[in-house]
Structures are given as C-alpha cells and as structure tokens.
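A short write-up of the structure that comes next.
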Amino acid sequence: MASVTVKHLWKEYGDQVVLENLNLHVADREFVTIIGASGCGKTTFLRMLLGVEQPTKGQLLIDGQPVPAEPGPDRGIVFQRYSLFPHLSVLDNLMLGLEFSGSRWLGKLFGARRREALEKAESLLEAIGLHTARDKYPSQLSGGMQQRLSIAQSVIREPKILLLDEPFGALDPGITADMHEIILRLWQANRMTIFMITHDLKESFQLGTRLLVFDKRRHDPHAPERYGATVTYDIPLNRKKHTAPTPALTAELVR
Ligand SMILES: Nc1ncnc2c1ncn2[C@@H]1O[C@H](COP(=O)(O)OP(=O)(O)OP(=O)(O)O)[C@@H](O)[C@H]1O
Ligand SMILES: [Mg+2]
C-alpha cells in the first residue's frame, strides 16, 4: 500500500516561493504523470516525496504518515541521467541495490540470501531484456540499456513508490516505446504507486492514470519569485490499467 496525501504544502527557498498550497490525494497504485514549465518545482516535489527535501509548510503523508526525513527502501528514484557504477558489471550494479538494503551493516550478502538475491536479479534482468548483457559494464551498453538498468536498480528493492524524473528524456525517441512497455509491466507486477515527471505530453497520456499540471496561478512580473506553482490541472486519464497482472509475470518479478 502506498497512498500519498498532500495537505496545504508549501516549499520556499529563502525568498523564493517554489510551490504554494498543494492539495492532493493519490491512491495506491496510481500512475501519476507530472508536467510543467522548467523551474516550476516538479523535481523539488519528487525530492520531498523521497525525503531529501522537507516542506516549508503543510503536510506530505504516505499511507497517512509523514514522509521520513531520509530516503528509504520503500521509495525508489530514477533520474534523467543514469546513476550506474561504471566499474561494476550489469549484474553487480543490480545486486548492489539489494546488498545495501538487505544487510546494511555488512554491505555484502552471503549464503542463502545471496543466492536468493542473485535469482531475483537474474529474473529482473530477463524481464528488462538485459540477461545476455549481465557481465558487461555500463560503458558497453546503449543509453536505453543503461536506463533500463537504472530502473531495475530501483525496482529490485521493491519500493512502494517509484519516482521517475524525466527518465526517458535523454533517450532516442525511437526506443521510448520499449521503455514504456517495460515500465508499465514493472508497475503492474510490482504494485507500485508511480510519480513520473515528463516534458512529453503524449508520453504522459500514454503512461499515466492521472495527469497533474504544475503551474503558477498568479504571477508578479516585478517579483517572479513571489508566487509558487501549484497543481492547476488534475486530469484523470481514462485508462483501465489497474487490472491484475498476469500470474506468470507476477511470479517472475515479485518474490
Ligand atoms: N536546493 C535548492 N536551493 C535553492 N533553490 C533551489 C534548490 N532546488 C531547487 N531550487 C529552485 O527551485 C525552483 C524549482 O526547481 P526544480 O528543480 O524543482 O524545477 P523543475 O520543475 O524540476 O524544473 P526542470 O523542468 O527544469 O527540471 C528553481 O527555481 C530552482 O532554482
Ligand atoms: Mg526537474
């Protein structure tokens, strides 16, 4: 379960109001796409959900509880530029996410837990079409492959909430269709609530169950930082994507 409730949320940096009076309820397993002008506070909103930025005023709740003031395994994030470790293989990049969450103090998994982690990593590599590249290094992969691996790195920890900040923005338009299919499959199989920022309106309609537009309602031409953005449009996208995933896919991805 991961519903998100936003109540009278404000975010300011010094004199600059970035977000003002956001109010929102997002149900468990929604796929929310976010669109808005550059600098209007979209990334800031995701960073608050991740727990690396705090609201100035108001509340941000996950399942009714305030977002912890630090990132946790229940929330995963993927940025526009991949965040892979260049000196680790594809498989080890994926295993690393589990090693961090699985045995925080040892930093390494051993024995049965390692075998279990390895199986999970391999089935996820299969699901994102990277199993034949498991021993390659990031520099040997295409941009699309690297970004698929970055997404898998977040998903392997089974986050309840997945935050995507223009994850396909740096990719060749020709390969985004594959990426869309993969993200939709992972979303359904892992039962996540997704927030995805995109600058591509078509993509926001194709993927989302709901589209939020961030914009300023009021603007002071003499003091552009005086007012912040808020959700000016909240559009339900009539796509029936809350259907149960196929049992085979669930078995493949969720353990
Ligand atoms: N740590 C910070 N300190 C001060 N100001 C910040 C900080 N982070 C963001 N800002 C400011 O907050 C505003 C919103 O930034 P944010 O990155 O959230 O915008 P965005 O909507 O994601 O833009 P883009 O579409 O270009 O990625 C910007 O004016 C930015 O300069
Ligand atoms: Mg941004």
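Coordinate-derived values only; no laboratory data. Because the structure is predicted, anything quoted here is derived from the model rather than measured. No Cβ is skipped: glycine too gets one built from the backbone with ideal geometry, and neighbour counts run over all protein chains shown.
Would you mind getting me the FRET efficiency between Ala37 and Ala112? Use the beta-carbon distance for r and R0 = 51 Å, nearest 0.05.
On the way: r = 51 Å, r/R0 = 1.00.
It comes to 0.50.
Run through the DSSP bridge list for the chain and note the antiparallel percent, rounded to the nearest 5. Don't skip to the end; give the middle numbers.
Details: 21 of 40 bridges.
In the chain, approximately 50 percent of DSSP beta bridges are antiparallel ones.
HN-Hα J couplings of region 150-167 from phi, Karplus 6.51/-1.76/1.60, θ = phi - 60°, integer Hz, Gly and Pro as x?
Running phi through 6.51 cos²θ - 1.76 cosθ + 1.60 with θ = phi - 60° gives 4, 5, 4, 4, 7, 6, 4, 7, 6, x, 7, 10, 10, 10, 10, 9, 6, x Hz.
Restricting things to alpha carbons, find the Rg to Rh ratio for the chain using the Kirkwood radius for Rh.
Values: Rg = 18.7 Å, Rh = 19.1 Å.
Over the Cα atoms of the chain, Rg/Rh equals 0.98.
Along region 116-125, what does the Karplus equation 6.51 cos²θ - 1.76 cosθ + 1.60 (θ = phi - 60°) give for ³J(HN,Hα), rounded to whole Hz, x for Gly and Pro?
5, 5, 5, 4, 5, 4, 5, 6, 5, 4
Under 5 Å between amide H atoms, partner at least 5 residues away or on a different chain: which partners does Leu237 have, H built in plane at 1.01 Å?
Residues meeting the amide H criterion: Arg210, Leu211.
By counting other Cβ atoms within 10 Å of each Cβ, how are Glu30, Glu225 ranked from fewest to most? Don't jump to the answer; show the numbers that get you there.
Numbers: Glu30 21, Glu225 13.
Going from least to most buried by this count: Glu225, Glu30.
Counting only residues 5 or more places away or on other chains, whose amide H sits under 5 Å from the amide H of Ile34 once H atoms are built in the peptide plane?
Met196, Ile197, Thr198, Leu212
Between Asn238 and Trp10, what is the FRET efficiency for a Förster distance of 41 Å, r being their Cβ-Cβ separation, to the nearest 0.05?
Numbers: r = 32 Å, r/R0 = 0.77.
In this case the efficiency is close to 0.80.
Could you put Leu207, Leu61 in order, starting from the residue whose Cβ has the fewest other Cβ atoms within 10 Å? Mind dumping the intermediate values first?
Values: Leu207 25, Leu61 14.
Listed from fewest to most nearby Cβ atoms, that is Leu61, Leu207.
State, to one decimal in nm, how far the label point of Ile175 lies from the label point of Gln206, with both points 7 Å from Cα in the Cβ direction.
Label at Ile175, label at Gln206, 1.5 nm between them.
Across all directions of projection, what mean area in square nanometres is found for the Cα convex hull of region 1-146?
Details: hull surface 44.5 nm².
The directionally averaged projection comes out at 11.1 nm².
Per the helix-only calculation at 222 nm, which mean residue ellipticity applies to the chain, given -39500 (n - 2.57) for every DSSP H run of n ≥ 4 and division by its residues, nearest 500 deg cm²/dmol?
Details: 7 runs with 81 residues, N = 255.
Here the helix-only value at 222 nm equals -10000 deg cm²/dmol.
For a footprinting-style exposure proxy, rank Leu184, Leu201 by other Cβ within 10 Å, fewest first.
Leu201, Leu184
Mind giving me the FRET efficiency for Arg157 and Ala223? R0 is 51 Å, r the Cβ-Cβ distance, nearest 0.05 is fine. Kindly include the intermediate steps, with their values, before the conclusion.
Numbers: r = 43 Å, r/R0 = 0.84.
For Arg157 and Ala223, the calculated efficiency is 0.75.
Quick check for me: using +1 on Lys/Arg Cβ and -1 on Asp/Glu Cβ, what's the dipole size of the chain about its Cα centre, in debye to the nearest 20? Don't skip to the answer; put the middle values down first.
Values: 31 positive and 29 negative charges, 87 e Å.
I would put it at about 420 debye.
Quick one: which residues, 5 or more positions from Val18 or on another chain, have an amide H under 5 Å from its amide H? H modelled 1.01 Å from N in the peptide plane, none for Pro or chain starts.
The answer is Lys11, Glu12, Tyr13.
Apply the Karplus curve 6.51 cos²θ - 1.76 cosθ + 1.60, θ = phi - 60°, to the phi angles in region 174-188 and return the couplings in whole Hz, x for Gly and Pro.
x, 9, 5, 4, 4, 5, 4, 5, 5, 5, 5, 5, 5, 4, 6
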